[in-house]
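Before any comments, here is the structure.
What follows draws every value from the coordinates through simple rules; no lab data is involved. Worth saying up front: this structure is predicted, and the values here are computed from it rather than measured. Note that each Cβ is placed from the backbone with ideal geometry, even for glycine, and that neighbours are counted across all protein chains shown.
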Amino acid sequence: MSEDTPDIETVRREIDRVDTALLKLIAERLELSGQVRKAKGGMRVWRPSREDSHVRQLARAAEATPASLVSTIWAELMSASLAAQGPMRLHVALEGDVLSNWSLVRDRFGAALDVLTYPTTSAALAACYAEGEGVAVLPSPAPPPGGMVSWWTALGPGGAMEGLHILAGLPRTGRRDWPRAVAVADVVLTPSGADQTLLCVKDQDLLPEGAILRAVSGDFRLYSLDGFHDLPASPTRRVIGCLPRPIGQ
Ligand SMILES: O=C(O)C(=O)C[C@]1(C(=O)O)C=C[C@@H](O)C=C1
């Protein structure tokens, strides 16, 4: 063993010291979950824009720690916080590549929440709609010409589920311009600081400048707009979501 080779026992003692400090901080953070719940009052435990703006700031401050690791660790911490705060369940559509879908859900929502799985997107969406604190994880609206993944039209003008919004993209980190899956819930849209607004348009309506076409289904088109835009709804258009930009983009 050369003089530069660290002694394994010494290194392990250092790891023990760091882990003991982490454990104390985690307990302190969990303790705060009870307080934040009381401070929020009422319904709607899940606050996706706060989650993504917070993780984005942490990832910026992290320097040597990769953004994906920051995101995964805080997904677990926030998952524990959400589970401690109240009855929030995930309704996950397992259409397509089941294993990839499952790991996307774990990376974004951690392991502490109850998860129900469904063979179809429409079943997961219906279960979320029926439950106040439910969150559905669904395949992203498909880019044209693959208009088969058309569940998002139910959130659009005249749709049956107008109260629901698209609130988060999965994965949370990376360079993808459009997410692989999205999370939907009955939560009011609020900016995370770096967002794209999702506008559902029926028939041919006038479009704001810079709108990017993301999906098409029958008479409905889904566009994204850079930034957070609180556009008024009309019989032919409606803002159906706000996607925080992927962290690391
Ligand atoms: O800030 C809140 O509203 C919280 O409930 C705390 C917290 C967190 O653990 O940081 C947990 C869940 C929310 O979705 C967002 C953030």
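Values computed for the structure shown
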quantity	calculated
Linear extension gain, Q204 paired with E14, 0.36 nm per residue minus alpha-carbon span	62.0 nm
Within the stretch 86-106: backbone nitrogen closer than 15 Å to the R180 label point (7 Å, Cα to C-beta)	93-106
Signed unit charges on C-beta, dipole axis of the stretch 45-244, positive-most listed residue T65, H54, S79	T65
Whole-Å semi-axes of the chain's equivalent ellipsoid (Cα gyration tensor)	37, 20, 17
Anchor K24: lysines whose Cα lies under 23 Å away (excluding residues fewer than 8 positions away in-chain)	K38
Lys, Arg +1 and Asp, Glu -1 on Cβ, resulting dipole of the stretch 34-155 about Cα centre, debye, nearest 20	500 debye
Of A111, W151, A123, farthest towards positive along the dipole that unit charges on Lys, Arg, Asp, Glu beta carbons give the stretch 45-244	A111
Cleavage-rule hits, trypsin sites (Lys or Arg not before Pro), the stretch 65-125, DSSP coil, Cβ neighbours within 10 Å at most 13	none
Trypsin sites (Lys or Arg not before Pro) within the stretch 125-201, DSSP loop, no more than 10 other Cβ atoms inside 10 Å	R175
Most to least packed among 149-155, 55-61 [average Cβ atoms within 10 Å]	149-155, 55-61
Longest DSSP-loop-exposure-free segment, GluC sites (Glu not before Pro), the chain, at most 13 other Cβ within 10 Å	64-208
Charge dipole magnitude, Cβ of K and R +1, D and E -1 - the chain, Cα centre, debye nearest 20	540 debye
Furthest towards positive pole of dipole, Q35, A21, P6, structure part the stretch 1-45, Cβ charges	Q35
Most mobile listed residue (G110, G174, G218) in the chain, GNM with C-alpha springs under 10 Å	G218
Segment I212-L99, extension gain: residue separation times 0.36 nm, minus the distance between their alpha carbons	37.7 nm
Among beta bridges that DSSP assigns inside the stretch 45-244, antiparallel share in %, nearest 5	75 percent
